[in-house]
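One structure is given below, encoded as structure tokens.
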Ligand SMILES: Nc1ncnc2c1ncn2[C@@H]1O[C@H](COP(=O)(O)OP(=O)(O)OP(=O)(O)O)[C@@H](O)[C@H]1O
Ligand SMILES: [Mg+2]
């Protein structure tokens, strides 16, 4: 059983749970305490009178707490990356309570899970359990296991009750944002902020996207609830499987894989997926893992930000690009625990630039199958379409899912389309999104390998190319003669023509200067059609005929290709041998 629900059941059985013993918060006195020096005036507004040294010895929190570092969404992200996981979330909240952060906004889709976490926190964060109090417009203020406080359904009345409540408590207000049009509510919320930061009471708000009144933007601290950990998913699986009588779970060593495959799902999504996989079965074996991936693909797709790409392309499907392949081979073991123990940092990412149709997107797809990590594609246009509220939130959500799935490859195809060509408001949004993304790339601790591709490479902003962002920038050129040979052979084999020696590929590869990989693939396909049309196997002649029907793009774009090559000469290393 995982931590959260263990706590929940423990608390249910705990007599203190019913009636928490009174805990008074320390009286506010003027003076300088050790916490004071850490406060950020700019963020918190006028600092409250700091508790006297004597007050701190009577601090009701159970342990010593350094102050949190975050105050902006960007700072918040970096903190959460360093401390990903539910334990880190719990630690972070303790620090926030210790430093008397009055209003804390937790960004999450998982309200119920958050409430359980807060309930558990209220039981443990202080030297004695304190009440966890919820509010909703339908129920009013509810102390656990007690009748709702009368006349507190209206947000104003509820906030008043928070203000006047004499004891330390954690308050969680559901959907308060629905009442922000009322100036009195906003005013009262500001009063609550001012009053609560002199106490150890705290007010929590939450939602999938950040919604706080403008007047409180500087005061409210924002943190993310991390996605469920493997331990929590284990608990959900056990709960679902345990509820199905007579079901034999025969996963053995694959169980870990199943849980790892579920990372990135919310608790409810995982519960739904497990139920779907197990319902009506007498026994389940490793084959459910593939079905789980399919379920997950559907769920993640429904959210609309990321796509799961099935592992369809291997390194062997790519003709040439030997330098790039070698780079990948050398780093095969870099994501393992052994590499970490050895002191190796996992690679951060790769930028594959170059000429259209030469295998950039293929190469990225092959990384994931070669390194055996899931591949998820991030479409920057969907970020701007703000599918999860605001573009910033959508990017954060995408990163959150990717980090929960880590180790994984995050593929951003044609990254330049998202970064250039906008002006006015669009440009400033693109700059904001882009700088959040770069900060994340620079600081990320999770094993999310970013594989980006770009065509219009001379338009890429220099910040993207700076050291520390991508481990390597590769330039994919038009294939050389021997690469053309390999590409033709790969595509013949793909069409069930496995023996390249049956053809004069040497001479065809010599005659196809300027052909890119896509055109060579097209050449083979056209030859196959010609042969099929005449009801016979493909011949050399078909290949030649097909060749004569294709005008390579590079011939018409020679100037542009020269420019691209000039750019790449000094900035990238060649993917081709
Ligand atoms: N090196 C290669 N080996 C085998 N096939 C290739 C290679 N390069 C390209 N192809 C073929 O061309 C198609 C297009 O390749 P891919 O999409 O990877 O190119 P790209 O460089 O990403 O192009 P674009 O810049 O237009 O997105 C592939 O599906 C494949 O059939
Ligand atoms: Mg591509």
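Some points to look at:
- Subset of the range 448-459 [within 14 Å of ligand 1 (Cβ to nearest atom) and in contact with a strand residue (DSSP E or B) (Cβ under 7 Å, 6 or more places away or on another chain)]: 451, 452, 453, 454, 457
- Against the numbered list (1) crowded, with 21+ Cβ neighbours inside 10 Å; (2) touching a residue at least 24 places away in the same chain (Cβ under 8 Å), residue 482 comes up short only at (1).
- Elements of type helices (runs of 4 or more DSSP H) contained in the range 327-412, each with 2 or more residues being free of Cβ contacts under 8 Å to residues at least 40 places away in the same chain and either away from ligand 2 (no atom under 16 Å from the Cβ) or buried (at least 24 other Cβ atoms within 10 Å of the Cβ) (or both): 337-342
- Those residues of the range 509-520 which are surrounded by fewer than 20 Cβ atoms within 10 Å (Cβ to Cβ) and free of Cβ contacts under 8 Å to residues at least 40 places away in the same chain, in sequence order: 510, 511, 513
- Positions within the range 315-373 being modelled with pLDDT under 90, within 15 Å of ligand 1 (Cβ to nearest atom) and touching a helix residue (DSSP H, G or I) at 6+ places or on another chain (Cβ under 7 Å), in sequence order: 370
- All told, residue 470 meets the bar of being under 43 Å from the mean Cα position of the chain (by Cα) and not assigned by TED's automatic domain parsing to the domain that holds residue 88.
- Subset of the range 262-298 [surrounded by fewer than 17 Cβ atoms within 10 Å (Cβ to Cβ) and not in a helix (DSSP H, G or I)]: 279, 280, 281, 282, 283, 285, 286, 287
- Against the numbered list (1) within 16 Å of ligand 1 (Cβ to nearest atom); (2) under 30 Å from residue 327 (Cβ atoms); (3) loosely packed, with under 15 Cβ neighbours inside 10 Å; (4) at pLDDT below 95, residue 556 comes up short only at (2).
- Taking the criterion of being part of a loop (DSSP other than H, G, I, E, B) and under 30 Å from residue 506 (Cα atoms), the residues of the range 458-490 that qualify are 477, 478, 479, 480.
- So residue 161, is it farther than 19 Å from residue 104 by Cα, free of Cβ contacts under 8 Å to residues at least 24 places away in the same chain and either assigned by TED's automatic domain parsing to the domain that holds residue 198 or part of a helix (DSSP H, G or I) (or both): no
- Residues that are surrounded by fewer than 13 Cβ atoms within 10 Å (Cβ to Cβ) and under 26 Å from residue 564 (Cα atoms) within the range 311-326 comprise just one, 326.
- The lone exception for residue 381 - which of (1) touching a strand residue (DSSP E or B) at 6+ places or on another chain (Cβ under 9 Å); (2) modelled with pLDDT under 85; (3) within 16 Å of ligand 1 (Cβ to nearest atom) it fails: (1)
- Taking the numbered list (1) free of Cβ contacts under 8 Å to residues at least 60 places away in the same chain; (2) more than 27 Å from residue 112 (Cβ to Cβ) in turn, residue 284 passes all entries but (2).
- In the condition set (1) more than 16 Å from ligand 2 (Cβ to nearest atom); (2) not in a helix (DSSP H, G or I), residue 434 is compliant with all but (2).
The values are calculated or read from the model by the stated rules, or taken from the named source; none is laboratory data. Only a predicted model underlies this, so the values are computations on that prediction, with no experimental measurement involved. All Cβ positions, even for glycine, are placed from backbone atoms using ideal geometry, and neighbour counts span all protein chains on display.
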